[in-house]
Structures are given as structure tokens and as C-alpha cells.
Amino acid sequence: MNQILQILSERRGDLWVALLQHLQISLVSLLLAMIIAMPLAFWATKHKKAAEFLLQVTSILQTIPSLALLGLLIPLVGIGTVPAVIALVVYALLPIFQNTYIGLTGIDPALEEAANAFGMSRIQKLCKVEIPLALPTIISGIRTALVLIVGTATMAALIGAGGLGSFILLGIDRNNTALIIIGAVCSGALAICLSALIKWLEHASVKKALGVFAVCLFFLAGSGIYQAVENHTETITIAGKLGSEPEILINMYKELIEDGDAHVKVVLKPNFGKTTFLYSALKNNKIDIYPEFTGTILETFAKKPISTSGLDEQQTYQKARQLMKQQDKLALLKPMAYDNTYALAVKTSFMNKYHLHKISDLAPIQFQLKGGMTMEFIDRSDGFKGIKKRYDLDFPVKSMEPALRYQAIQQNKVNIVDAYSTDSELRQYHLSILRDDKHNFPIYQGAPLMSLDFANNHPKIVQSLNKLAGKITEKEMQEMNYEVNVKNVDPGKVAHQYLVKHHLIKEN
């Protein structure tokens, strides 16, 4: 409980921003779903075959897994709020359409005949008879859709749309239960409050209902105008992948840029998502800079396979820099010193028991191995695929989120995991890295990635960020990660302390 209260105190501003983002995404999605589903239901009451078809279509749409739907939308509309809203609207169509249709078709035919006898037009009958009678059922569908939207909107954080899901993802990544609880409880509380509001509207007067609707529109319009005004002021948006290390790095970028030019406004988007999401965001000008690794560029982004075997650090960087420039017109600045490469890690006690020092030593005991590895590592040619081929190893592996694989090896559910050489968990859980004696893993040096146009138009920023070139050792990076993940020190504070200590900026 103390940890929850501490996080609420330290991240109060972040929580309000996430809550407002979540509310905005949820309300926009609900209103759009109502605008689409309700008129269709009104029309479908007179077209029975079309109604059955629409019910089937909306039912099928709701069965699509949210991650799969987001993955399908990203190539079409990019990342951020737009694909998140589209996905949420898709999920909300069924309950609103179904309940509206059932409510309207369940009205007593005698009442319909009475309305016709009074000479009511189609619109008059709909507004004065059918909708008031069907309203409880319609409201029930809207409430169901709203709860579904608020819960599913936590997935929006995976594609850079923000919301309360950012707290949940951060908690999973850092193995911080308090962050997960805060995100989940706030999301649940928001769903309960909005559901209660809609329930109240069921019995409220038309004037009060219109007042609430106007407030919602005012909130959405106001936030939209604010964002539009903000967009007219030049800001530098720096994003980072999930985890403490990217968050530390982007805080360093921010301080270096602002130290070099006091008139520049920098906005940080930590825990923005997976590698491909950031890459897509950069190419679509949703963000301006993010830290990437030379090995990732050659192994993941190259449209044609590039061999990294035998390349040293400088050669790897030059190939990555040239590839980004030619393929996507992106600029990769000078890299830092440390090599955050992939690795295979086991408990130190396990290593001593079987006299393990390098990956080749695993061959005699491979039938005793149980792996827990990230999905990305399992699927990469320079990851588990390469390990199996180059070392002639094959043992069962379960795919896990990064933080969960460390919990699994700590609890002896697995005995070997993939890791990054700077992970704080190596120290925290007393794990040892096995030497890559056949050089399966390429060099992974981090460097700022941006568009060529941005680099050419902002030479001061390039100059400021290049101060990190050749800086930060693996030991230093692991220690900084440990400070954030284990000691719960704010990433911004850790970044600031490093920059001051190494005279890259002056102490404020």
C-alpha cells in the first residue's frame, strides 16, 4: 500500500494525463459506435434479412482478437489514437446494434397500430413512441459497449495512444505490481463511473440528457482544439520502447537538447511500444527521434537480408547508417559505447552445477533445458533461430513478456532465458550470461534515429545528441537500469545524474 501511495504521489501528473487520454479515446469511440450502429438498427427493423446479416457481421467483428485487429490497422492508418479508436468502435458495434434492434422490434404491435391510427409519420412514431419504449434496452446496450470500450482501451498504450494501459504495461515491464494495480483500478473505476452516468440518463429528463451530451462534446472539442494549438507550436517528440533503458536514454536526449537550445520544447513518450511501432511512427512523422540499435536495424528493418557475421562495431554501425539513409531516408547518429546485445542467461548456481561458460557447453545437457524467451527473440534469425542452427541446439521454449521470463527463471519454471547484456535483472536474480562463442548475436550499439530532413533542419540537436557518442559502458547502463527497476529511482533523475557526473550538462 505504501508503494501505491508513493507512486500516486510521484506520478500524479502522469496519471491525470493517462486518465484524460483514456476518457477521450473511450468517449470518441462510444459516440462513433452509436452514430454508426443506432441508425443501422432503425433501418434494419424494416429489413429483416439485412438485420440478420448485420448481426452476423458485428458478431464476427467482435471475435477478432484486439492485438490482431491493431496489427491489421497499423499498416493502413499508422499508429496512435486513430487505429485505437477504430478498433474500439468495431468492438462496440454489436451490443449497441443488437440492443437497439431488439428494443425496437420488441414493442407491442398494438402500440404501433395506435400510433398509426393517430396519423403519426415515421419520424414522429420513432421519436415519440418507439425510442421511449425501447430506451431501457438501448441504454443497456450502450452501457455494455462502454464497459467493453474502457476495458479494451488499455491496449491503446501498445500503439502509442496512451491511456491507463501505459501504467499497466510499465508495471509488467518493471515487475511493479503497484503500477499494474493503479492502472487496472483506475480503468475499472472509470468504467463504473461512466456506466453509472449512463444508467442515470435512462431516467433523466431530455434536457438533462442533452446537457450531459453537450458537456461530452465540449470536452472532446476542447481537447481537440488544445491539441491543434499545441501542434502549431514546434515541439520535438522523442519516444522510447518499453523498459527502463529506453526511458533513461530519452530523458538524456531531452536534457541534452534543452541544454543546447533553451527555446526548444521537448515532449517525451516513454514506453511507446514495440520496435516496429516506433519505426512506423518515425517514418510517418508521428515522432521525431527514438533510440535504436545497430543490430536491430540490420536484422529487422533491412528489406534484403544483410549478413552481420564477423562485423566489428564500426562496420556494423556504418552498414546500419547507410541502410537507413538509402532505404528510408533516416539518419542514425553516432552510437554510444556499450553493446546491448542479446544473450542467453542461466542461474549462477545452474551454471556452476553443469560447468557452463559458453553457449556451446549447453549441447550435452540440452534435454534438461526449459526456455522462457520473448516472442521477438524466438522469431529472430539472430535470436533463437540462429542459436538452434549455429549451435545445433533444440529445446522447448515458451514465449513470455520480457519481465515475466525473469520471474519464471526465479521460480524455477524455466532454467534458461534470453536477456540483454545490460538488463538489471541479471544482477537482481543472480543470473550469468553464457559467452556467444560462435558469434551468433550481432553488435547492438544504441544511437538516436531520426529523419534526414529533421537532422538537416536541426543541426544543434544533432550536435547535442552526439555528446553521447562513445559514452556509457555496459556496466554503467546496467547500474542505471538497476537504479530504476530495483531501487525505483525516477528515470529522469538517473539520466540527469549521469549527464552531470560526466560533465555533459551543468548542474542546475
> Across the stretch 371-404, which residue is surrounded by the fewest Cβ atoms within 10 Å (Cβ to Cβ) among those that are touching a residue at least 24 places away in the same chain (Cβ under 8 Å) and out of contact with any helix residue (DSSP H, G or I) (no Cβ under 9 Å at 6 or more places or on another chain)?
Replying inline: P396
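Residue-by-condition table, conditions (1) under 24 Å from the mean Cα position of the chain (by Cα); (2) at pLDDT 85 or above:
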residue: A204; (1), (2): no, no
residue: K207; (1), (2): no, no
residue: F213; (1), (2): no, no
residue: A221; (1), (2): no, no
residue: I225; (1), (2): no, no
residue: L242; (1), (2): yes, no
residue: D259; (1), (2): no, yes
residue: F277; (1), (2): yes, no
residue: D288; (1), (2): yes, yes
> Which of the residues belonging to the stretch 65-89 are surrounded by fewer than 19 Cβ atoms within 10 Å (Cβ to Cβ) and either at pLDDT 90 or above or aromatic (F, W, Y) (or both)?
Replying inline: I86
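Of the residues T154, T58, which single one is over 19 Å from P39 (Cβ atoms), of a type in the set (S, T, N, Q) and assigned by TED's automatic domain parsing to the domain that holds A191? Before the answer, list the steps.
Numbers: T58 fails: over 19 Å from P39 (Cβ atoms).
Result of the check over T154, T58: T154.
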>> Consider the stretch 437-475. How many of its residues are touching a Phe, Trp or Tyr at 6+ places or on another chain (Cβ under 7 Å) and surrounded by fewer than 18 Cβ atoms within 10 Å (Cβ to Cβ)?
In response: 3
> Which of the residues that make up the stretch 487-508 are part of a helix (DSSP H, G or I) and hydrophobic (A, V, I, L, M, F, W, C)?
Replying inline: V494, A495, L499, V500
> Across the stretch 277-335, which residue is surrounded by the fewest Cβ atoms within 10 Å (Cβ to Cβ) among those that are touching a Leu at 6+ places or on another chain (Cβ under 7 Å) and among the basic types (K, R)?
Replying inline: K329
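Would you check if I257 is of a type in the set (V, I, T), in contact with a helix residue (DSSP H, G or I) (Cβ under 7 Å, 6 or more places away or on another chain) and part of a helix (DSSP H, G or I)?
Working: of a type in the set (V, I, T): yes; in contact with a helix residue (DSSP H, G or I) (Cβ under 7 Å, 6 or more places away or on another chain): yes; part of a helix (DSSP H, G or I): yes.
So I257 fits the description; yes.
Just wondering, is there one or more residues in the stretch 427-434 that are within 30 Å of G372 (Cβ to Cβ), touching a residue at least 24 places away in the same chain (Cβ under 8 Å), touching a strand residue (DSSP E or B) at 6+ places or on another chain (Cβ under 9 Å) and surrounded by fewer than 15 Cβ atoms within 10 Å (Cβ to Cβ)? Reasoning before the result, please.
Initially, the stretch 427-434 is screened for residues within 30 Å of G372 (Cβ to Cβ), giving 427-434.
Cutting the leftovers down to touching a residue at least 24 places away in the same chain (Cβ under 8 Å) gives us 427-434.
Cutting the leftovers down to touching a strand residue (DSSP E or B) at 6+ places or on another chain (Cβ under 9 Å) gives us 429-434.
So of that shortlist, the ones also surrounded by fewer than 15 Cβ atoms within 10 Å (Cβ to Cβ) come out as 430.
Checked against the condition, which is being within 30 Å of G372 (Cβ to Cβ), touching a residue at least 24 places away in the same chain (Cβ under 8 Å), touching a strand residue (DSSP E or B) at 6+ places or on another chain (Cβ under 9 Å) and surrounded by fewer than 15 Cβ atoms within 10 Å (Cβ to Cβ), the stretch 427-434 yields at least one hit.
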> Restricting the first residue to the stretch 63-74 and requiring it to be without any contact (Cβ under 8 Å) to a residue 60 or more places away in the chain, which pairs with a second residue that is of a type in the set (S, T, Y) meet a Cβ separation below 9 Å and a spacing of at least six or different chains?
Replying inline: I64/Y91; L69/Y91
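The values are calculated or read from the model by the stated rules, or taken from the named source; none is laboratory data. In this text the structure is predicted, and so the values were computed from the model without any measurement. FYI the Cβ positions are ideal-geometry reconstructions off the backbone, even for glycines, and counts take in every protein chain you see.
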